[in-house]
Amino acid sequence: MASDLGLWSVPLAMIAGAIRVSTPFIFVSVGECLTERSGRINLGLEGTMVMGAMSGYGAALISGSPWLGVLVAALVGLMFGALHAVICQLPKVNDVATGIGLMLFGTGLAFFLGKPLIQPKAPNLGAIDLGWWSSIPQVRQALQVNYLFVIGIVLAFGMAWALKNTRWGLIVRLAGESVDAALAIGASVARTRLIATSIGGAFAGVGGAFLSLYYPGSWSEGLSSGQGLMAVALVIFARWDPIRCLWASLLFGAAGAISPALQSVGVTQGYYLFSAAPYVLTLALMIATCSPERSLKGAPGELGAVK
Amino acid sequence: MNAPSIELIGFTKRFGAMAALDDVSVKVKAGAFHALLGENGAGKSTLVKCAMGYYAADEGQILLNNREVAIDHPRQAHELGLGMVYQHFTLVPNMTVLENFVLSRGDLPAVIDWASERKALHAFFSTTPFAVPIDLPVADLAAGQKQKAEILRQLYLKRNLLILDEPTSVLTPDEADEVLSTLKKMTEEKLVTIVTITHKFREVNAFCDTVTVLRRGKLIGTKPTAELDDDTMAEMMVGRRETRAVVEREQHALGKTVLKLDKLSVADNVGQLAVEDLSLEIKAGEIVGVAGVSGNGQRELVETLAGQRHKQSGQMLVHGEAYAATRAEMIRHKIACLPEEPLRNACVAEMSVAENMALRSFDQPPSSPDGIRLKRGPMRDVARKLIEAYRVKTPGPDAAIKGLSGGNVQRAVLARELSSEGDLVIVANPCFGLDFAAVAEIRARIVQARNRGAAVLLVSEDLDEILQLSDRIVVMFDGKLALQQDAAQADVGAIGRAMAGH
C-alpha cells in the first residue's frame, strides 16, 4: 500500500538510510580511530572491508548462520589488520604505501575468492522492529533498526570510555602521542600498535559483513565502492574521537541516503549526482578542515600522515 | 624524602674515535644545588645520560649515598630515585596534567579511578611549593607552567635526585627565578639533591652552591660558587678569556624606512592569532631586536616575512611597496632571511652545499645563462668563494649540507643570504646551539650588515644577544609588542618584565 506521505517521506527515508548506510561507517571509523590513536594509519581498510564482506557472506552461506558470518568476517579483518601492523613494523616501511598495497590486495583477493558467491543467497542478519506502534508502512520500515547498528553505537561509546579510563586505552594514546614517553614507562609501542591495528581491522571486517549480510545484503564486486577509504577521512573529520566518529557516520549515512530517498518520491533527475553526495561531502570536509598552515587539533603526535 | 649524595667516578664514553667523556669524576653532596657548566659538546649531557642509564659508559662507577650502584637502564635510575628534566618538554601535549602524571607512574590498574586519582594529586599539590592546573591538556599550559609540571612530576614519582638539563631555556627570567628559588629551598631543606646543566652564569651565581666545569669531555674542576666570578667561570669553560668584542658599531644617521608592518595579524597552526595588530618600522642602518620568550608569535612573524605563512590581516610594506613575500619581491627588494633551524627552514638537507648556496640565485646568471639550464661549474665556483669567505667547514661544495655541523649550516645559509648585500636582513635565533667562536663570528656578520646600511630585524630568545646587537629593542608578548626601547637606554628589568607580560 502506497500511502501518501508526500515530501515527508524524504526525511523519513533519510533517517532510515542514515541508520542503514551509517552502520558500516561506524564500524570502520571507530576501528580506524583506535588504530590512528595508537599512531598508525591503515588505508587498507577498504580491502579489509571487502574481504570481510566476502568471507562473512561465504561463511553465512555454508553454515546458514549470518552471525557466524560476522564472526568469520571479524577474524579475517583481524588477520588483515595484524598483517598491516607486522609489515609496518619492518624497518623503512611506510604506513600509507603498505595500506594502499593491502587495499588492492584485499579487494583483488576478495573478488577472486568471491566469484562463486555472486549467485547464491545467504541468510541475512535480522533487525529490531521499533516501528510496531505505527500503522504507516514507511515509518515501520524506517524504524527497522539492525542489530549491528546498535552494537556499533555501544562500541563507539565503549571505545571512548576505554581510551579515557583504562590502562590499555591510555597506553594506546601514549603510543600514538609520544613513542619516547611510552618507552619511558616500559610499554611496548610495537605490541600496542599491533593490537590496536588488529582490532581496527576486525571492526572493518564486521563493517564489510554488514554490507553483504544486511544492506544491500548480497555479495557483489562493487559492494563497498570506497566506503573503507571514506571512513579514514571521516576519522580525521571527527578529530580522532570515537563518539564524534559516530555522529560523522550518521551524517555520511544520511548524505548517502539522499538519492534513493529522492528517487522514492519520484525525483529521478540527477540520481547519480545525488549519489555522489557522500563523496562530495568528504572532499568538502577535507578542504574545510585541512590547511598547510594549521596543524589539526587533536591529531595524535606520532601519526605520520598528518605530521 | 631524603636528599641523596651521588658520586660519578672515572666516566669515559667514546663515540667512535671521539671521546665525548674522558675520565670525568664528579661528587655531588646530599642536598646540593650543583651546576654542570660547559660549552656545547663539552660532555655535560653525555655525562648525565650515562648516569641516568640512557648511554652505557665505557668506564665509570656510580656511588649513591656512598654505595656502589649499577645503572644500565633508565628504569633502574628511576627506581633509585634519579629523575631528569629536559630542556624540551616530555609531557604529552594532548593529554591532561592528571593523565600525564598518572600514566608516568607505570603501575596502573586495568581501570583507572579518576576521581580518587584527582583527589590524590590535589593532595600532593598541597604539599608542593607550586602547583599547576590538573585538568588542562598540557598543550594549553604556558611554558613556565609546563616546566613546573615537569619538575612536579619528578617529585610526584618520588625522585629525590633531579638532573635538570637547561631547565630555564624556555622561561622568562622571572619564571626561571621562581622555579629555581623554590628548588633551592627544597635543597636547603634536604628534600632533594639537584644537578643542573646550564650556561647561564646569572643562575649559577644566584642559586647553585657548587660548580663543575667540563671542556671537550674533560673535567676542568669543581669549585664552590662563592670562590668563582664570571670571568673565571668563562675562562674555565672556554679555556681562554672570552673577548666579547663584536665588530665596532659605526655611528651613522639612519636611512629611510625599509620595512614597515602595519597592524599585522597572523594565525598560528591551530588557527589562533599568534601575531596580533603588530606595527613596527625598521630603517636602513639599524638593528631592531625582538626579544621575548619562545612561543609568543616570533616564529609566525618570521615565517610570514619569509613567505612561509600567510598573514591574516594588516599590511607589510618594503621600501613603501606592499610586500607579499614572493620570490620576485624578495629579489627586487634584496631581502635576506636567516630563519631559525636553518637546516629545516632554509635548506634542502639532501642537496649539496653548493646547491643550497644557490637556492636564491640558481635561475640567474652565472648559475643559469637563460633561467632554464643550470651550470654546475659557476655554481660551484660561487659556493667555493662563499665557503672560504665565511669559513664554512665542509668536505667540499658537493657534500650534502645535512652532514655539516649546526654552526656550519648556519654559516652556509648566512653566506648565501648576506652575499647578496640585502637591504633588509631578517634573522631569527642565529646563534642557537652554537659554540662561542661561531657565535662571535655570526654576530659580527650581522653587525657588518647593519654597518653597510642594511635594515636588520633580529628575533632572538637570547636576551644577551638582543642587548649586545640591537640599536632598538622591542619585546613581543602574546603576539603583541609589549615594549619599545632604545638599546642605549635599555632597562633590563623592564624588558624582563615585559617578556613575562607584566
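Just one of (1) in contact with a strand residue (DSSP E or B) (Cβ under 6 Å, 6 or more places away or on another chain); (2) assigned to a loop (DSSP other than H, G, I, E, B) fails for B:Glu417. It is (2). Listed by position, the strands (runs of 3 or more DSSP E) contained in segment B:1-88 that have at least 1 residues being buried (at least 18 other Cβ atoms within 10 Å of the Cβ) and in contact with a strand residue (DSSP E or B) (Cβ under 8 Å, 6 or more places away or on another chain) are B:6-15, B:18-28, B:33-37, B:59-64, B:82-85. Might you check whether a residue that is over 28 Å from B:Ala488 (Cα atoms), of a type in the set (S, T, N, Q) and in contact with a helix residue (DSSP H, G or I) (Cβ under 9 Å, 6 or more places away or on another chain) occurs anywhere in segment B:318-339? No, segment B:318-339 contains no residue that is over 28 Å from B:Ala488 (Cα atoms), of a type in the set (S, T, N, Q) and in contact with a helix residue (DSSP H, G or I) (Cβ under 9 Å, 6 or more places away or on another chain).
One line per residue, one yes/no per condition, for (1) of a type in the set (Asp, Glu); (2) in contact with a helix residue (DSSP H, G or I) (Cβ under 9 Å, 6 or more places away or on another chain):
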site: A:Ala16; (1), (2): no, yes
site: A:Ile19; (1), (2): no, yes
site: A:Ser22; (1), (2): no, yes
site: A:Ile26; (1), (2): no, yes
site: A:Val30; (1), (2): no, yes
site: A:Glu36; (1), (2): yes, yes
site: A:Met51; (1), (2): no, yes
site: A:Gly64; (1), (2): no, no
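From the residues in segment B:419-439 that are aliphatic (A, V, I, L, M) and over 30 Å from B:His319 (Cα atoms), which one is nearest to the chain's Cα centre (by Cα)? So the residue we want is B:Leu434. For segment B:198-221, a residue qualifies if it is surrounded by fewer than 23 Cβ atoms within 10 Å (Cβ to Cβ) and assigned to a strand (DSSP E or B), and the qualifying residues are B:Thr210, B:Arg215, B:Lys218, B:Leu219, B:Ile220, B:Gly221.
The set of residues in segment B:324-349 that are under 13 Å from B:Thr304 (Cα atoms), free of Cβ contacts under 8 Å to residues at least 60 places away in the same chain, surrounded by 13 or more Cβ atoms within 10 Å (Cβ to Cβ) and of a type outside the set (A, V, I, L, M) contains only B:Asn345. Within segment B:260-303, the set of residues being on the phi < 0 side of the Ramachandran plot and acidic (Asp, Glu) comprises B:Asp262, B:Asp268, B:Glu276, B:Glu281, B:Glu286, B:Glu300, B:Glu303. Filter segment B:126-167 for residues that are hydrophobic (A, V, I, L, M, F, W, C) and assigned to a loop (DSSP other than H, G, I, E, B); which is nearest to B:Met52 (Cα to Cα)? Going through the qualifying residues, I end up with B:Leu157. When A:Ile199 is tested against (1) hydrophobic (A, V, I, L, M, F, W, C); (2) surrounded by fewer than 23 Cβ atoms within 10 Å (Cβ to Cβ); (3) free of Cβ contacts under 8 Å to residues at least 60 places away in the same chain, only condition (3) is not met. Regarding A:Gln227, is this residue more than 14 Å from chain B (Cβ to nearest Cβ) and free of Cβ contacts under 8 Å to residues at least 40 places away in the same chain? For A:Gln227, the condition - more than 14 Å from chain B (Cβ to nearest Cβ) and free of Cβ contacts under 8 Å to residues at least 40 places away in the same chain - is not met.
So that you can scan it fast, the table gives a plain yes or no per residue for (1) within 14 Å of the chain's Cα centre (by Cα); (2) without any contact (Cβ under 8 Å) to a residue 60 or more places away in the chain; (3) more than 19 Å from A:Phe274 (Cβ to Cβ):
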position	(1), (2), (3)
A:Val189	no, no, yes
A:Leu234	yes, no, yes
A:Phe252	yes, no, no
A:Ile258	no, no, no
A:Gln263	no, yes, no
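Within segment B:48-66, can one find any residue that is acidic (Asp, Glu), more than 30 Å from B:Phe201 (Cα to Cα) and over 29 Å from the mean Cα position of the chain (by Cα)?
The first filter runs over segment B:48-66 and keeps only residues acidic (Asp, Glu), leaving B:58-59.
Keeping just the survivors that are more than 30 Å from B:Phe201 (Cα to Cα) gives B:58-59.
Filter once more, keeping what is over 29 Å from the mean Cα position of the chain (by Cα): B:58-59.
Yes, segment B:48-66 contains at least one residue that is acidic (Asp, Glu), more than 30 Å from B:Phe201 (Cα to Cα) and over 29 Å from the mean Cα position of the chain (by Cα).
Counting only residues that are in a helix (DSSP H, G or I), touching a Lys or Arg at 6+ places or on another chain (Cβ under 9 Å) and within 9 Å of another protein chain (Cβ to nearest Cβ), segment A:170-204 holds 5 of them. Reported count of residues in segment B:372-395, each being in a helix (DSSP H, G or I) and either closer than 14 Å to B:Glu355 by Cα or of a type in the set (S, T, N, Q) (or both), is 12. Look at (1) within 14 Å of chain A (Cβ to nearest Cβ); (2) hydrophobic (A, V, I, L, M, F, W, C); (3) in contact with a helix residue (DSSP H, G or I) (Cβ under 9 Å, 6 or more places away or on another chain) and you find that B:Ala70 fails only one, number (1).
Under the condition of being farther than 18 Å from B:Ala291 by Cα and at pLDDT 90 or above, the residues counted in segment B:418-443 number 2. When B:Phe101 is tested against (1) within 11 Å of chain A (Cβ to nearest Cβ); (2) aromatic (Phe, Trp, Tyr); (3) within 17 Å of A:Ile171 (Cα to Cα), just one condition goes unmet, and that condition is (1).
A quick yes/no check of all residues on (1) touching a strand residue (DSSP E or B) at 6+ places or on another chain (Cβ under 7 Å); (2) part of a helix (DSSP H, G or I):
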residue: A:Gly114; (1), (2): no, yes
residue: A:Pro120; (1), (2): no, no
residue: A:Ile128; (1), (2): yes, no
residue: A:Trp133; (1), (2): no, no
residue: A:Gln141; (1), (2): no, yes
residue: A:Phe149; (1), (2): no, yes
residue: A:Val154; (1), (2): no, yes
residue: A:Gly158; (1), (2): no, yes
residue: A:Trp168; (1), (2): no, yes
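The set of residues from segment B:280-293 being surrounded by fewer than 21 Cβ atoms within 10 Å (Cβ to Cβ) and closer than 13 Å to B:Gly479 by Cβ comprises just one member, B:Leu280. With respect to being more than 14 Å from chain A (Cβ to nearest Cβ), of a type in the set (Gly, Ala, Ser) and surrounded by 15 or more Cβ atoms within 10 Å (Cβ to Cβ), B:Ala149 falls outside the description.
Filtering segment B:104-142 to residues that are in contact (Cβ under 8 Å) with a residue 12 or more places away in the chain, among the charged types (D, E, K, R) and within 11 Å of chain A (Cβ to nearest Cβ) leaves B:Arg105, B:Glu117. Considering only residues in segment B:81-98 that are hydrophobic (A, V, I, L, M, F, W, C) and without any contact (Cβ under 8 Å) to a residue 60 or more places away in the chain, the one that is farthest from the other protein chains (Cβ to nearest Cβ) turns out to be B:Val97.
Is it the case that segment B:224-242 has a residue that's modelled with pLDDT of 85 or more, more than 14 Å from chain A (Cβ to nearest Cβ), part of a strand (DSSP E or B) and surrounded by fewer than 21 Cβ atoms within 10 Å (Cβ to Cβ)? Yes, some residue in segment B:224-242 is modelled with pLDDT of 85 or more, more than 14 Å from chain A (Cβ to nearest Cβ), part of a strand (DSSP E or B) and surrounded by fewer than 21 Cβ atoms within 10 Å (Cβ to Cβ).
The values are calculated or read from the model by the stated rules, or taken from the named source; none is laboratory data. Small disclaimer: the values here were computed from a predicted structure and weren't measured. Here Cβ is always computed from backbone atoms with ideal geometry, including for glycine, and neighbour counts include all displayed protein chains.
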